[in-house]
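Engineer: For reference, the structure I am asking about is given below.
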Amino acid sequence: MRLNNKDRELIAAATDAIKQRYRYDWQEVGAALRTRAGKIFTGVNLDAYLGRMAVCAEAVALGHAVVDLGDSGIDTIVAVRHPAPEDDDQTIAVVSPCGACRELIFDYDPKARVIVPNGQSPSSVPIADLLPNKYTRGPER
Ligand SMILES: [Zn+2]
């Protein structure tokens, strides 16, 4: 699906978040989500010396939303990556959510839309399209 102005506003919010908090090797990804109530929350990834303690930007943004509003659902979410200083391309660009974040987004809103890279201009897709045969604890119904 093509992006609308609200989607572009969300990309701008994620970009602002990582521009403000970029730290080489520690904070390189920004995320922004719009809740079903229409409020925008942002986050940046938290890298860690112990890799298993690292937290993705999408999870930090969701944590912000849950603390502030409770679980109010995810209308749309996006993550962007800030390049490292040595990278040739210094564009802050939309990145796809990792597998764990796909699970997390689906858990909090199975109808969420995710903005993903798509050639020259990003597009949005339902989270279910990014997570076929999602893990379940019991038999499928
Ligand atoms: Zn992730």
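Engineer: Which pairs turn up if I take residues in the range 39-63 that are at positive phi and look for partners that are surrounded by 13 or more Cβ atoms within 10 Å (Cβ to Cβ) and of a type in the set (Val, Ile, Thr) with beta carbon separation below 7 Å, at least 6 apart in sequence or on another chain?
Structural biologist: That search, which allows pairs on different chains as well, returns nothing.
Engineer: So, one more: Filtering the range 31-69 down to residues that are out of contact with any Leu (no Cβ under 8 Å at 6 or more places or on another chain) and charged (D, E, K, R), which residue is most open to solvent (accessible area, probe 1.4 Å)?
Structural biologist: Per the stated criteria, the residue is Arg52.
Engineer: Looking at the range 5-30, which of the residues that are assigned to a loop (DSSP other than H, G, I, E, B) and modelled with pLDDT of 95 or more is most open to solvent (accessible area, probe 1.4 Å)?
Structural biologist: This residue is Tyr24.
Engineer: Further question: Condition check: within 16 Å of the ligand (Cβ to nearest atom), within 18 Å of Pro97 (Cβ to Cβ) and of a type in the set (Asp, Glu). Does Asp7 satisfy that?
Structural biologist: No, not satisfied.
Engineer: Residue under question is Leu10, and the condition is that it be touching a residue at least 12 places away in the same chain (Cβ under 8 Å), farther than 19 Å from Phe106 by Cα and touching a strand residue (DSSP E or B) at 6+ places or on another chain (Cβ under 7 Å); does it hold?
Structural biologist: No; evaluated as a whole, the condition is false for this residue.
Engineer: Just one of the numbered conditions (1) more than 23 Å from Lys111 (Cα to Cα); (2) touching a Phe, Trp or Tyr at 6+ places or on another chain (Cβ under 8 Å) is not true of Arg52; which one?
Structural biologist: (2)
Engineer: Being open to solvent by less than 40 Å² (accessible area, probe 1.4 Å), more than 16 Å from Ile18 (Cα to Cα) and within 13 Å of the ligand (Cβ to nearest atom) is the filter here; which residues of the range 77-110 pass it?
Structural biologist: Scanning the range 77-110 gives Cys101, Ile105.
Engineer: Sticking with this one: Name every residue in the range 119-141 that is surrounded by 15 or more Cβ atoms within 10 Å (Cβ to Cβ) and within 18 Å of Ala12 (Cβ to Cβ), in order of residue number.
Structural biologist: Selection gives Pro122, Ser123, Ser124.
The values are calculated or read from the model by the stated rules, or taken from the named source; none is laboratory data. None of these values were measured; they are calculated from a predicted model. Cβ: placed from backbone, ideal geometry, glycine included. Neighbour counts: every protein chain shown. Side chains included, ligands, DNA and RNA excluded: accessible areas come from the protein's heavy atoms. Shrake-Rupley method; radii C 1.70, N 1.55, O 1.52, S 1.80 Å.
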